[in-house]
Amino acid sequence: MAIVAVAGLMALARPVAAQQADTAGTAPTEVVAAGSDSLTGDLTPEEMIGADDMAALEEMQDEGGGGLHQKLKQKFIEGSAGFMSLVALCLVLGLAFCIERIIYLTLSEINAKRLLTDIEKRVQQDDIEGAKTICRDTRGPVASICYQGLMHISEPMDAVERSVVSYGSVQTAKLEKGCSWIRLFIAIAPSLGFLGTVIGMVMAFDQIQEAGDIGPTIVASGMKVALITTIFGIVVALILQVFYNYVLSKIEHLTSQMEESAVSLLDIITQYQLHRP
């Protein structure tokens, strides 16, 4: 997924020379001012006005066409495509980790109450192996914790509890795997944006020094690069932060489910040991 996204990013960063050439080729003033008899000699004034209006309309459509994608592409290139690619790469890699975590956590969610009910029935029937089979055939950390507790069902309750708690910590670490990378990209994206701001200011001062004059056009070009990179960096950080908070909410839900299931499992094992002959 990251490789495909990077390939699309490289395509996005290509120059828009072809688009500029097409726009320049539709300029109506050049056609009218050319004075070529082959183009305008046979046209009446009314037809010439209609042709000018049509050409102007087509030019406006070319300038406003493309929608949001075209505007983003243009701003991306204006903000220095080479530097903006780093910001976009943070977005691509960050989203890749977020999507991977969301898929993993979604597949880890199960009906814990139903699982514990099935385990309790098997334990009451003294079918410990059957209860273990149910846990092995069920995906997710809750089933893994229950299986770990059933493996030590014949041991004292202190040993069973220690085993369940220790294995619960291992499962929690698996749930949080990759989250540190998401936090890293959230921190890097705005930092790259601010770095682009500094670079844009340096470019503006270099242009002022070369021109020997402080003109609005000279200053605006460097400031534009600075502001565009800052905006893109902040937007990338906001997008990744939303996905990261969603991932955290799913981790909290699974962790709470694991804790409740561990308590219920310990109660089931306690009842089994009390009534065991």
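Inside the stretch 149-169, residues that are surrounded by fewer than 18 Cβ atoms within 10 Å (Cβ to Cβ) and free of Cβ contacts under 8 Å to residues at least 60 places away in the same chain make up a count of 11.
Listed here are the residues, each with its yes/no results for (1) crowded, with 20+ Cβ neighbours inside 10 Å; (2) of a type in the set (Phe, Trp, Tyr); (3) assigned to a helix (DSSP H, G or I); (4) free of Cβ contacts under 8 Å to residues at least 60 places away in the same chain.
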| site | (1), (2), (3), (4) |
| --- | --- |
| 241 | no, no, yes, yes |
| 250 | no, no, yes, no |
| 256 | no, no, yes, yes |
| 261 | yes, no, yes, no |
| 266 | no, no, yes, no |
| 273 | no, no, yes, no |
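For the stretch 206-216, check the following and say yes or no: at least one residue is of a type outside the set (Phe, Trp, Tyr), surrounded by 19 or more Cβ atoms within 10 Å (Cβ to Cβ) and assigned to a helix (DSSP H, G or I). No, the stretch 206-216 has no match at all.
Looking across the stretch 79-130 at every residue that is assigned to a loop (DSSP other than H, G, I, E, B) and not polar (S, T, N, Q), the one that is nearest to residue 198 (Cα to Cα) is identified as 79. Of all the residues in the stretch 170-189, those that are touching a residue at least 24 places away in the same chain (Cβ under 8 Å), within 23 Å of residue 106 (Cβ to Cβ) and part of a helix (DSSP H, G or I) number 10. Within the stretch 146-168, the only residue that satisfies the criterion of being among the acidic types (Asp, Glu) and within 18 Å of residue 259 (Cβ to Cβ) is 161.
Any read-out appearing in this document is the output of simple, stated calculations on the displayed coordinates, not a laboratory observation. Computed from a predicted structure; not experimentally measured. Neighbour counts are summed over all protein chains in view; Cβ atoms, including those assigned to glycine, are modelled from backbone coordinates with ideal geometry.
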